[in-house]
Every structure is written in C-alpha cells, then in structure tokens.
Amino acid sequence: MPSQLKALVLGSAAGGGFPQWNCRCPICDMAWNNDPRVTRRTQSSIAVSGADGAWMLFNASPDLRQQILSLHTLQPANGMRHTPIKGVFITNGDVDHVAGLLTLREQQPFRLYGSRQTLQVLADSQVFNVVNKAVVDRVPIELGVPLATDIGFTVTAFAVPGKVPLFMEGERVEIGAETESTVGLEVAGHGHRLFYIPGCAHLTEALLQRVEGADAVLFDGTTFTDDEMVTLGLSPKTAGRMGHIQISGADGSLQRLASAKIGRKIYIHINNTNPILVDGSPQRQAVEAAGWEVAYDGMEIDL
Ligand code: MLT
Ligand code: MN
Ligand code: ZN
C-alpha cells in the first residue's frame, strides 16, 4: 500500500502535563473542575509514520503507556509480541522526554536515537539499563546528517538554543548554547518536510531559515509570557531561564515566525499555566488569528 507522511500527537503538554498533579494555578483549576473550555493533555510526544503500520516516536513521555492505551494505531497488532513502534528519537534528556523509555522495557527490539550527549545522559543513569542494550540498539545521531529510517522518511537532528537537562543543572547554567544537549528534528519524506522542536530558547536567524518552506512545524509553546510562572508565584524561573522562548512579545515565537512561509504552525509542549489552553481566551484568539494551531492529544497531521 502506498503511504504518506503523517504525524500523530501523543501528548501536547509540557513537563507536568495538564493539569499537573500538584497544581491549582487558574488554568489547572479549570481542568480539575472539568470546565468545558479546557481539555486535559498528557506530556509532549509525537509519532511519525511514512509507511503503513510503522511509527517512530519523537520523545518518550512519562505518559507513554496512557498514550498507547488511547491510540489504537500504536497498539500491538499481531503475534504474541508486537509493536508498530520501530524506534524513538530523543530531543533532550529532560524527564518529560525520556521517562517513557522505562515503559518500553519488555525485551522488545526497537532503535533508540539521540545525540551522543543525550545517549550519554541515559548511559549514566543505571535505571535505563532496564531498556536492554542487547535488544534495543542505541544509535547516535550526527547533527546535520539525514538519517534514513526504513519507514519512509529521513530524520535530521540539528542543535537549537537550549541548556542541559534540569536535573543536570549546576550553580551556573548556560542558556541558549547550541550544543548536542537540545536538538530539533526535521523529517523529510514523500515530498514533505515536518519539524519537531519542543524546546528552544531563541529563534535565531539560522533556525528561521531552516524551517522556511516546511509543511508543518510543531514548536515550543511552553509559556505565553516569559514571566508567566513568576507572576503566578509558582516558580522563580522565567521561560527563558528554563530554555524556552515565550510566545508573546517582540522576541516571542509568534512575532519571530510571523512572516515564515510554513504550511501549518502548531504549538506543542504547552505548560499548564499557558492561557492558550483555554478555548476563547484572548491569548488563544491571538495565536489562532496569527494562523497557529494549538496541539491537542490525538491530533493527526496528514501531509
Ligand atoms: C522543561 O521543558 O523545562 C522540562 O520539562 C523541565 C523538567 O524536566 O521538568
Ligand atoms: Mn519539557
Ligand atoms: Zn497549573
């Protein structure tokens, strides 16, 4: 059967999910109260396919088991042991992007792709030995070099401005360095291009050029304003300090990507404090008026 390039949003929320287990911020409060203006979201991850019945995951969220339970296409289909998940690409070592690997531990062969630095973070943590290296190949990705999958697309990883994973932060943290610690992923196949960039501290000119002309860009929508969590009294950290660019303002992603020619611009990795989660909010209206979509769990992107 001829196939096409498609992506499936497994989870659309940032670390903690929506609502977050211990949060009563105004927007989590709406979710706990089942307010119809908001929809619950699991932690961010997508699956990409270019061939029937075969998928690559982009990040493995702590909610991966729940995501597989709710998405028929990712469930075992035949034989005693089977999965349509052929591999997992990791963009960085943050808990919300790697903890789901522990769900994939039942001696099932697949390939685990990441930068050398991120694979080292996993290698340094004994708990990930449970994803048996004898069964699961850990494949280092060379930045800038397209890597052929055998399911109808290539993946090119590239450094984006970021920082080390939260649990590796020392007293001084360098933000915005373009290293192997945080990468974006470009998918190319069936004549289409899609980008997955769930964490990005700045939209550089080089990055703007890279995404120009893409069919779809799923981009870091962590916060609407840089000081969102500070203002709410939830955290001393701005979005920038967490390695995330805010949506609003002159340096925000909305403005920086305003003139980019991109088929579909989609915010993902949305923090539970972000008012774009609320249907009809001024912030939701602002991003939609600018042509953006707000990812939701189960969203299908057919290219
Ligand atoms: C982030 O995106 O900033 C991370 O999710 C932080 C974390 O690991 O909690
Ligand atoms: Mn995160
Ligand atoms: Zn909250």
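The values are calculated or read from the model by the stated rules, or taken from the named source; none is laboratory data. Note that the coordinates shown come from a computational prediction; the quantities given were computed from them, not determined experimentally. Neighbour counts are summed over all protein chains in view; Cβ atoms, including those assigned to glycine, are modelled from backbone coordinates with ideal geometry. Surface areas here come from the heavy atoms of the whole protein model, side chains and all, with no ligands, DNA or RNA. Shrake-Rupley method; radii C 1.70, N 1.55, O 1.52, S 1.80 Å.
Things to note:
- In region 284-302, the residue that is surrounded by the most Cβ atoms within 10 Å (Cβ to Cβ) out of those that are among the small types (Gly, Ala, Ser) and part of a loop (DSSP other than H, G, I, E, B) is 295.
- Complete set of residues in region 245-260 that are open to solvent by 10 Å² or more (accessible area, probe 1.4 Å), under 16 Å from residue 208 (Cβ atoms), touching a Leu at 6+ places or on another chain (Cβ under 7 Å) and not hydrophobic (A, V, I, L, M, F, W, C): 256
- Against the test of being within 16 Å of ligand 1 (Cβ to nearest atom) and over 17 Å from residue 221 (Cα atoms), the options 47, 60 yield a single qualifying residue, 60.
- Qualifying residue in region 210-221 (condition: within 16 Å of ligand 1 (Cβ to nearest atom) and within 22 Å of residue 31 (Cα to Cα)): yes
- Residue list for region 222-256, filter: of a type in the set (Val, Ile, Thr) and either within 21 Å of residue 293 (Cα to Cα) or not in a loop (DSSP other than H, G, I, E, B) (or both): 222, 223, 225, 230, 231, 245, 247
- Residue within region 282-303 that is under 20 Å from the mean Cα position of the chain (by Cα) and hydroxyl-bearing (Ser, Thr, Tyr) present: yes
- Residues within region 12-39 that are buried (at least 19 other Cβ atoms within 10 Å of the Cβ), outside any loop (DSSP other than H, G, I, E, B) and either away from ligand 2 (no atom under 16 Å from the Cβ) or at pLDDT below 95 (or both), tallied: 3
- Selection from region 65-81 of residues that are among the basic types (Lys, Arg) and closer than 13 Å to residue 45 by Cα: 65
- In region 261-271, of all residues being part of a loop (DSSP other than H, G, I, E, B) and surrounded by fewer than 17 Cβ atoms within 10 Å (Cβ to Cβ), the one that is farthest from ligand 2 (Cβ to nearest atom) corresponds to 261.
- Verdict on residue 95 being more than 16 Å from ligand 2 (Cβ to nearest atom), open to solvent by 50 Å² or more (accessible area, probe 1.4 Å), within 20 Å of residue 43 (Cβ to Cβ) and of a type outside the set (Lys, Arg): no
- Candidate set from region 40-62 (those that are outside any strand (DSSP E or B) and within 16 Å of ligand 3 (Cβ to nearest atom)); member that is nearest to residue 302 (Cα to Cα): 44
- Residue 9 meets each of the listed conditions (1) open to solvent by 10 Å² or more (accessible area, probe 1.4 Å); (2) farther than 18 Å from residue 108 by Cα apart from (1).
- Test: residue in region 100-109 that is away from ligand 2 (no atom under 16 Å from the Cβ) and at positive phi: yes
- The set of residues in region 135-170 being small (Gly, Ala, Ser), assigned to a loop (DSSP other than H, G, I, E, B) and open to solvent by 40 Å² or more (accessible area, probe 1.4 Å) consists of 144, 170.
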